[in-house]
Amino acid sequence: MPKIALPTPLRPYAGGRDAVDAAGATVGEVLAELTAQHPTLQRHLFDEAGRLRSFVNVYKGDEDVRFLQGPATPLQEHDTLFIVPSIAGGAPTTEETAPALSHDEIRRYSRHLIIPEVGLSGQRKLKGAKVLCVGAGGLGSPLSLYLAAAGVGTLGIVDFDVVDDSNLQRQILHGTRDVGRKKLVSAEERLRDINPHVRVVPHETRLSSANALEILRDYDVIADGTDNFPTRYLVNDACVLLGKPNVYASIYRFEGQASVFFAEKGPCYRCLYREPPPPGLVPSCAEGGVLGILPGLLGVIQATETVKLILGIGEPLIGRLLLVDALGLQFRELKLRKDPDCVLCGPHATQRTLIDYDQFCGIGPADPGSTTDMTVEELKAKLDRGDAFVLLDVREPHEVEIAAIPGAVHIPLRQLPEHLDRLDPAEDLVVHCKMGPRSARAVKLLREAGFTRARNLTGGIDAWAERIDPSVPRY
Ligand SMILES: [Zn+2]
């Protein structure tokens, strides 16, 4: 029999159940059976004319049935329908459905309770709210710590990474004793210590087109703490398709950005950036670095926006892009407009499902037989054989000071175009940087300039230090 998954606000009208089995061969029949079993749901789902209310969406798997055959969409035995209501005014929990507070909780949240804008009803909304933090890293650390402390009742965290020494400079959710442990395990322990009243839901997975809608649809607010373009577009698109607010921030060196993308009330991330930059053009924090305090600043801004959305107070960052410059300590604000041609949230939107985001961002799967790439093992074999070739290091001078592969010629990427005369197009050339993206750009530039024998060392000096020569420090 098909199953209907109910969101939190509707569960009180179905005897508190999160899913109901209902017989029927189409979406319309199954919904009719649902309201026959639970008549009070009728007015929440349908208007007087019997039409599904405009703020209620029904999904079959990850497809909105409006884009299938509407109520006539056929259903199989094992199909699940998801009812996804929009969040009115950013307040996911209504006065009646918000959970009550215990005496312990009243004491714990007393500084909130005495602010009129929060008060008892606001604190109950926080307790009833479900927030998903995508990533338990730099941004996810302050974000989840403050949301837990503030009493957000359900905190989901998506992460699959392990705590590394190099994380501790900014990822304050984790400590030195956590190095080598899963970030989710360390995060859960720390958050439970901060506030045992919070339910932490770990999602140990890499968010993908296959699982994003399934994971996100349970939450009221999504806070995006990712550090890569494919996941950022994935989170944006999934939020638009599910009608959820996406509290966004990103960081690089001394600068950050923050906004709230909520397609129902303003632009989405795609309205701001239609397409991602080509791979390697914008370095990641691993490649370019980040001031450890910066994710603290931006993550706290995300936490602030998240709490405001839950409480329905203040002016959210919807339609505004906040730019933070830590060096000048300046906060600038840009106005964001909805792109009328946005493929996702515009009036003529064409994209109704998730896509392949690696492909969208130009990141192809590694090609083992590639003539432009080389592994560190191949480089080692080349050196051991005594092959004639030039190893070119395109990193910045301050990076070469930290670690270098002996014998490399050093020309920073930004100076490469005017120093091509130092290289010989007839020679084999292996180019490396820290992790691969900058050297990939260098190889593209070199090949276009006639250096057809140039190859990129995948994984850079970092892979070399990890897999070939442990005496080279990793940074
Ligand atoms: Zn858009």
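The values are calculated or read from the model by the stated rules, or taken from the named source; none is laboratory data. Worth saying up front: this structure is predicted, and the values here are computed from it rather than measured. Positions of Cβ are generated from backbone atoms using ideal geometry, with glycine treated the same way; all protein chains shown enter the neighbour counts. Accessible surface areas use protein heavy atoms only, side chains included; no ligands, DNA or RNA. Shrake-Rupley method; radii C 1.70, N 1.55, O 1.52, S 1.80 Å.
Checking each residue in the stretch 453-470 for being surrounded by fewer than 20 Cβ atoms within 10 Å (Cβ to Cβ) and within 17 Å of Phe389 (Cα to Cα) picks out only Arg453.
Residues in the stretch 292-301 include none that are farther than 30 Å from Glu117 by Cα, buried (at least 20 other Cβ atoms within 10 Å of the Cβ) and away from the ligand (no atom under 16 Å from the Cβ). Contact map, the stretch 95-114: first residue touching a residue at least 24 places away in the same chain (Cβ under 8 Å), second residue of a type in the set (A, V, I, L, M) and buried (at least 18 other Cβ atoms within 10 Å of the Cβ), Cβ cut-off under 7 Å, separation 6 or more or different chains; pairs are His112/Val118. Tell me yes or no: at least one residue of the stretch 179-194 is in contact (Cβ under 8 Å) with a residue 60 or more places away in the chain and open to solvent by 10 Å² or more (accessible area, probe 1.4 Å). Taking every residue of the stretch 179-194 in turn, none turns out to be in contact (Cβ under 8 Å) with a residue 60 or more places away in the chain and open to solvent by 10 Å² or more (accessible area, probe 1.4 Å). Pairs meeting the criteria (first residue in the stretch 327-346 and more than 30 Å from Val290 (Cα to Cα), second residue modelled with pLDDT of 90 or more and hydroxyl-bearing (Ser, Thr, Tyr), beta carbons under 7 Å, at least 6 apart or on different chains) are Val343/Thr350.
From Thr80, Thr8, Thr94, Thr26, grab the single residue that is modelled with pLDDT of 90 or more and of a type in the set (S, T, N, Q).
Residue meeting the stated conditions: Thr26.
Would you be able to say whether some residue in the stretch 110-132 is in contact with a Phe, Trp or Tyr (Cβ under 7 Å, 6 or more places away or on another chain), of a type in the set (Lys, Arg), modelled with pLDDT of 95 or more and under 28 Å from Asn228 (Cα atoms)? Within the stretch 110-132, one or more residues are in contact with a Phe, Trp or Tyr (Cβ under 7 Å, 6 or more places away or on another chain), of a type in the set (Lys, Arg), modelled with pLDDT of 95 or more and under 28 Å from Asn228 (Cα atoms). Candidates are the residues of the stretch 254-269 that are open to solvent by 10 Å² or more (accessible area, probe 1.4 Å) and more than 16 Å from Leu309 (Cα to Cα); the one that is nearest to the ligand (Cβ to nearest atom) is Gln257.
Scan the stretch 378-397 and tell me whether some residue there is surrounded by 12 or more Cβ atoms within 10 Å (Cβ to Cβ), assigned to a helix (DSSP H, G or I) and β-branched (Val, Ile, Thr). No - not one qualifying residue is present in the stretch 378-397. Between Arg441, Arg447, the distinction of being touching a helix residue (DSSP H, G or I) at 6+ places or on another chain (Cβ under 7 Å) and in a helix (DSSP H, G or I) belongs to Arg441 only.
Just the residues that are over 23 Å from Gly289 (Cα atoms) and open to solvent by 50 Å² or more (accessible area, probe 1.4 Å), please, taken from the stretch 410-421. Walk me through it before giving the result.
In the first step, residues of the stretch 410-421 are kept if they are over 23 Å from Gly289 (Cα atoms); the result is 417-421.
Scanning the stretch 410-421 gives Pro417, Glu418, His419, Asp421.
List every residue pair whose Cβ atoms lie under 6 Å apart, where the two residues are 6 or more positions apart in sequence or sit on different chains, the first residue falls within the stretch 146-170 and is under 30 Å from Ala98 (Cα atoms) and polar (S, T, N, Q), and the second residue, located anywhere, is open to solvent by 50 Å² or more (accessible area, probe 1.4 Å) and at pLDDT 95 or above. Here the result reads Thr154/Arg199, each pair linking the stretch 146-170 to a residue that is open to solvent by 50 Å² or more (accessible area, probe 1.4 Å) and at pLDDT 95 or above.
Residues satisfying the criterion are present in the stretch 351-370 (criterion: within 16 Å of the ligand (Cβ to nearest atom) and either modelled with pLDDT under 90 or open to solvent by 60 Å² or more (accessible area, probe 1.4 Å) (or both)).
Within the stretch 239-253, if we keep just the residues that are more than 14 Å from the chain's Cα centre (by Cα) and part of a strand (DSSP E or B), the residue that is nearest to the ligand (Cβ to nearest atom) turns out to be Tyr252. Hey, does the stretch 292-302 have a residue that's modelled with pLDDT under 90 and touching a Pro at 6+ places or on another chain (Cβ under 9 Å)? No, there is no match, as no residue in the stretch 292-302 is modelled with pLDDT under 90 and touching a Pro at 6+ places or on another chain (Cβ under 9 Å).
In this structure, Arg232 does satisfy being of a type in the set (D, E, K, R), touching a strand residue (DSSP E or B) at 6+ places or on another chain (Cβ under 8 Å) and within 16 Å of the ligand (Cβ to nearest atom).
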